[in-house]
Each structure stands twice: as structure tokens, then as C-alpha cells.
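Structure, as C-alpha cells:
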Amino acid sequence: MGSGTRQVYEWAAGTLERMRRRRSGSATPIVLLGIGAVAGVFAGTFGVGGGILMVPLLLAFAGMDQRRASATSLLAIVPTSLVGCVGYLFGEGVDVLAAALVTPGAIAGALLGTALLRRLPLRVLTWAFVAVLLLVALRTALLVPERGADVEYDALTIGGLVLLGLVMGVASGLFGIGGGAIAVPAFVAVFGMSDLLAKGTSLLVMLPTALSGSVRNVRAALVDWRAGSIVGVAATLASLPGVAIAHLLPPRVASILFALLLVASAAQLAVRELRRR
């Protein structure tokens with residue numbers, strides 16, 4: 001490539017990047033508040049950080065790419081998971097021991113996931129995120145949680161919780177989802193928790209996980225602070241009504257609704273990627 005051609009190429013690439021950044025910052029506060037409110041209710045109801053819904057909405061309505069949407073979502077999850085966890089403490093509660101066993105692996109996994117976020121191509125990230133959504137939706141639809149059930153601890157359970165934390169952390173850092181979409185089904189199906197206890201415990205684990213991943217994303221200049229702040233405030237306020245809804249929904253209905261929302265999010269992302277190509 002000659003020097004003149006290279007200069008034209010670099011100018012065009014720079015222009016496209018500036019246009020993308022202006023578009024990502026052009027979403028109105030009303031749009032961002034709406035994204036946060038929807039994601040916050042979702043987070044409180046299903047015990048996830050809200051990123052599974054927040055990332056597709058930021059892609060569709062805030063003009064972000066997958067990388068920036070994931071990083072911005074992860075930042076917004078920090079206060080959302082804190083307030084949501086407090087809401088569950090007044091209900092069925094939180095399994096603090098399970099959270100303590102999952103958290104170290106989740107923090108390490110989040111650091112690994114955010115490192116991969118800066119290196120993997122956007123198309124790979126998008127399709128990997130779609131695959132995660134569909135797999136979790138399938139598993140969730142097959143679950144019938146039992147309310148009031150607790151974890152029975154032994155060596156195998158402890159090792160499994162540590163491994164779950166690592167997987168949850170990688171998903172959190174890579175896809176900006178907090179990891180709750182993986183943790184809640186695993187807590188219920190593998191470790192025998194009730195659905196409400198699993199949701200509260202998942203939100204507690206997400207707090208340090210999202211925080212550690214966000215620190216790295218901020219250093220890498222991947223976070224849209226304006227969008228993340230507005231979405232985060234709205235999601236935090238909306239998470240408590242979501243917790244109230246979780247206590248009202250029968251376990252089977254909650255599982256089916258969660259699965260349907262995951263499928264809808266996956267379909268929206270897949271269509272968007274196919275159109276872009």
C-alpha cells in the first residue's frame with residue numbers, strides 16, 4: 001500500500017470512528033433513562049445485572065458497538081446489583097457463603113474477560129453473545145425451581161462454586177452482562193438453591209465482579225461515562241420494583257419469561273449483525 005493510499009485509508013478510518021463516537025453520545029437522556037429502567041426491572045426480577053438486556057438496547061438505541069456497549073453496561077451494573085441485592089436481603093435472603101466462594105473466581109474471570117474484550121473482533125463478540133443467550137434461555141426454560149431450598153455443602157460443591165465464579169467472571173468481562181444469567185440457572189440446577197435465593201446471591205457476587213471489570217475497562221477508555229451514568233441511575237432505581245415482581249411471580253412463570261426475554265434479545269442481535277454484513 002503506497003503512502004498516499006495509506007493516508008486516505010487512515011483518514012477514512014478516523015472519520016468513521018469519529019462519526020461512531022458522536023452517534024454513541026447522541027442518545028438523548030430520555031432514551032438512556034428508558035434503557036436503564038427496562039434493564040433495572042429485568043435485573044431485579046431475574047437476579048441478573050441487567051446487561052443481557054442493556055447491551056442489546058445500547059446497540060440498538062444508543063449507537064454503540066458491541067465493545068463499548070459491553071463496557072458501559074458493566075459499569076451501570078455496579079450500583080444496580082448493589083441495590084437489587086439489598087432488596088433480596090429483605091425477602092428470602094442471600095447465601096453469603098456461596099457468594100464468598102464464587103467471588104474470587106468471578107473477579108479473576110472478569111479481568112480475563114475484559115482483556116479478551118479488547119482483543120477479539122466485534123463480529124466474534126456479537127455471535128458469541130448470541131450463543132450464550134440462547135444456551136442460557138434453553139437451560140432456564142427447562143428449570144422448575146423449588147422455593148425454600150438451600151445448598152448442601154461438601155468438597156465437590158465448594159469446588160463447583162469456585163469454578164462457576166471463573167466462568168461467570170469471564171462472561172461478565174467479555175459480554176458486559178454481570179454473569180447473573182449464568183449464575184442463577186447454575187445455582188438452581190446444579191447446587192439446588194431456590195430461585196429467589198439464587199437471584200439474591202447472584203446479585204451479591206456481581207457487585208465485585210462488575211466493579212473489577214469496570215476498572216480495567218475505564219483504563220482502556222472503553223466506557224461511555226455519560227451513557228453509563230444515566231443508565232446506571234435509572235437501572236438502580238428500577239431494580240427494587242423488579243425484586244417485588246420476583247416475589248410475586250410463580251417460579252415456573254418466572255423461568256419461562258426469563259427464557260423468552262433471552263431469546264428475544266438474541267434474535268435482535270442476530271438480525272442486527274446480519275443486516276450490518
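The values are calculated or read from the model by the stated rules, or taken from the named source; none is laboratory data. Since we're looking at a predicted model, the values are computed, not measured. Cβ placement follows ideal geometry from the backbone for every residue including glycine, while neighbour counts extend to all protein chains displayed.
Scanning the range 123-141 for any residue that is touching a residue at least 24 places away in the same chain (Cβ under 8 Å), farther than 30 Å from I256 by Cβ and surrounded by fewer than 14 Cβ atoms within 10 Å (Cβ to Cβ) turns up at least one such residue.
Hey, does the range 244-263 have a residue that's closer than 20 Å to V124 by Cα and either under 16 Å from the mean Cα position of the chain (by Cα) or touching a residue at least 60 places away in the same chain (Cβ under 8 Å) (or both)? Yes; the residues of the range 244-263 include at least one that is closer than 20 Å to V124 by Cα and either under 16 Å from the mean Cα position of the chain (by Cα) or touching a residue at least 60 places away in the same chain (Cβ under 8 Å) (or both). Taking the conditions (1) surrounded by fewer than 23 Cβ atoms within 10 Å (Cβ to Cβ); (2) part of a helix (DSSP H, G or I) in turn, I77 satisfies each one other than (1). Applying a threshold of 6 Å to beta carbon distances and a minimum spacing of six or more residues, or different chains, the list of pairs starting in the range 75-88 at a residue that is on the phi > 0 side of the Ramachandran plot and touching a residue at least 40 places away in the same chain (Cβ under 8 Å) and ending at one that is surrounded by fewer than 24 Cβ atoms within 10 Å (Cβ to Cβ) and not basic (K, R) is empty. Among residues of the range 177-212 being in a helix (DSSP H, G or I), modelled with pLDDT of 85 or more and not aliphatic (A, V, I, L, M), the one that is nearest to L138 (Cα to Cα) is F187.
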